[in-house]
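Colleague: Here's a structure for you.
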Amino acid sequence: MKKRARAVFVDRDGVLIRDADHLDSVEGLEVYKNSARALKLLRAAGFKIVIVTNQSGVARGYFTLGMVRRIHAELKRRLAKGGGRWDAVYVSPHGPNSGHPWRKPGTGMLLAAKRKFGLDLNASFMIGDKTSDTECALRAGCTAILVRTGKGGRDKAYQAKPHAVRRDILSAARWILEKN
């Protein structure tokens with residue numbers, strides 16, 4: 001029987017980039033210095049890298065999905081300079097009260113990636129800075145890692161407890177590699 005692929009799901013704002021509270025322009029994009037290195041290490045270890053991000057600013061009318069795509073194109077370009085690449089990016093443009101299954105802590109984005117890549121969610125990880133990321137990971141059966149960058153879990157929206165707490169994405173990536 002073929003072994004199923006594993007992934008590291010990564011939240012965008014507060015994990016890969018500075019959380020600008022509804023980033024609405026490419027000019028406001030600030031990539032954390034260790035992001036590319038972390039993604040490079042994880043991909044080299046055979047993990048699929050899947051970005052999963054709530055972007056309620058679309059539903060609120062702050063910016064368009066087109067702007068989100070432009071920001072992601074620039075983010076992809078900057079990360080590639082340091083050898084960082086991802087396999088897919090999933091965006092939930094839904095508002096906080098939408099109840100949409102793609103909006104974290106819903107697991108819709110992770111389940112879509114599972115279908116696309118044939119992932120084993122129980123052998124996968126999620127790196128996030130909010131309790132909704134931790135709750136999403138736990139609901140999907142992934143190992144949850146909370147990073148201190150961005151919100152650092154201070155949002156307290158959910159009581160979910162992560163499996164690990166790390167300083168930043170690079171520290172989280174190293175923890176994953178130690179476990180594997």
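Colleague: Consider Ala20 against the criteria (1) modelled with pLDDT of 95 or more; (2) in contact with a helix residue (DSSP H, G or I) (Cβ under 9 Å, 6 or more places away or on another chain); (3) over 20 Å from Ala113 (Cβ atoms); (4) surrounded by fewer than 20 Cβ atoms within 10 Å (Cβ to Cβ): it satisfies all of them except one. Which criterion is unmet?
Modeller: Result: Ala20 passes all but (1).
Colleague: Out of (1) surrounded by fewer than 18 Cβ atoms within 10 Å (Cβ to Cβ); (2) in contact with a Ser or Thr (Cβ under 6 Å, 6 or more places away or on another chain), what's the single condition that is false for Lys104?
Modeller: (1)
Colleague: For segment 79-111, name all the residues that are in a helix (DSSP H, G or I) and over 15 Å from the mean Cα position of the chain (by Cα). Steps first, answer last, please.
Modeller: Just the residues of segment 79-111 that are in a helix (DSSP H, G or I), to begin with: 79-81, 108-111.
Scanning segment 79-111 gives Ala80, Lys81.
Colleague: What number of residues within segment 13-47 satisfy the criterion of being part of a loop (DSSP other than H, G, I, E, B), touching a residue at least 24 places away in the same chain (Cβ under 8 Å) and among the acidic types (Asp, Glu)?
Modeller: Here the count works out to 2.
Colleague: Here is a follow-up. Just checking, does segment 136-147 include any residue being free of Cβ contacts under 8 Å to residues at least 40 places away in the same chain, crowded, with 20+ Cβ neighbours inside 10 Å, of a type in the set (D, E, K, R) and assigned to a helix (DSSP H, G or I)?
Modeller: no
Colleague: Which count do you get for residues in segment 48-69 that are in contact with a Phe, Trp or Tyr (Cβ under 8 Å, 6 or more places away or on another chain), touching a residue at least 40 places away in the same chain (Cβ under 8 Å) and not polar (S, T, N, Q)?
Modeller: Number of matching residues: 5.
Colleague: Identify the residue in segment 39-69 that is among the polar types (S, T, N, Q) and surrounded by fewer than 17 Cβ atoms within 10 Å (Cβ to Cβ) and, among all such residues, is nearest to Asp21 (Cα to Cα). Step through it out loud before you land on a result.
Modeller: Applying the first criterion (among the polar types (S, T, N, Q)) to segment 39-69 yields 53-56, 64.
So of that shortlist, the ones also surrounded by fewer than 17 Cβ atoms within 10 Å (Cβ to Cβ) come out as 56, 64.
Values: Ser56: 10, Thr64: 15 Å.
It comes out as Ser56.
Colleague: Given the options Leu75, Leu138, Leu121, name the one that is among the hydrophobic types (A, V, I, L, M, F, W, C), more than 19 Å from Asp13 (Cβ to Cβ) and out of contact with any strand residue (DSSP E or B) (no Cβ under 6 Å at 6 or more places or on another chain). Outline the logic, then answer.
Modeller: Numbers: Leu75 fails: more than 19 Å from Asp13 (Cβ to Cβ); Leu138 fails: out of contact with any strand residue (DSSP E or B) (no Cβ under 6 Å at 6 or more places or on another chain).
One residue alone meets the criteria, Leu121.
Colleague: Take segment 117-132 and flag every residue that is farther than 13 Å from Arg166 by Cβ and buried (at least 24 other Cβ atoms within 10 Å of the Cβ). Let's see the steps before the verdict.
Modeller: First pass over segment 117-132, keeping only residues farther than 13 Å from Arg166 by Cβ: 117-124, 130-132.
Matches in segment 117-132: Ser124, Lys130.
Colleague: Out of His94, His100, His72, report the one residue that is touching a residue at least 40 places away in the same chain (Cβ under 8 Å) and not hydroxyl-bearing (Ser, Thr, Tyr). Before the answer, list the steps.
Modeller: On the way: His100 fails: touching a residue at least 40 places away in the same chain (Cβ under 8 Å); His72 fails: touching a residue at least 40 places away in the same chain (Cβ under 8 Å).
Exactly one of His94, His100, His72 is touching a residue at least 40 places away in the same chain (Cβ under 8 Å) and not hydroxyl-bearing (Ser, Thr, Tyr), namely His94.
Colleague: Report whether or not Ile127 is part of a helix (DSSP H, G or I), within 26 Å of Gly28 (Cα to Cα), at pLDDT 95 or above and of a type outside the set (S, T, N, Q).
Modeller: Numbers: part of a helix (DSSP H, G or I): no; within 26 Å of Gly28 (Cα to Cα): yes; at pLDDT 95 or above: yes; of a type outside the set (S, T, N, Q): yes.
Against the criterion (part of a helix (DSSP H, G or I), within 26 Å of Gly28 (Cα to Cα), at pLDDT 95 or above and of a type outside the set (S, T, N, Q)), Ile127 does not qualify.
The values are calculated or read from the model by the stated rules, or taken from the named source; none is laboratory data. It should be emphasised that the depicted structure is a prediction, and the values quoted were computed from it without experimental measurement. Positions of Cβ are generated from backbone atoms using ideal geometry, with glycine treated the same way; all protein chains shown enter the neighbour counts.
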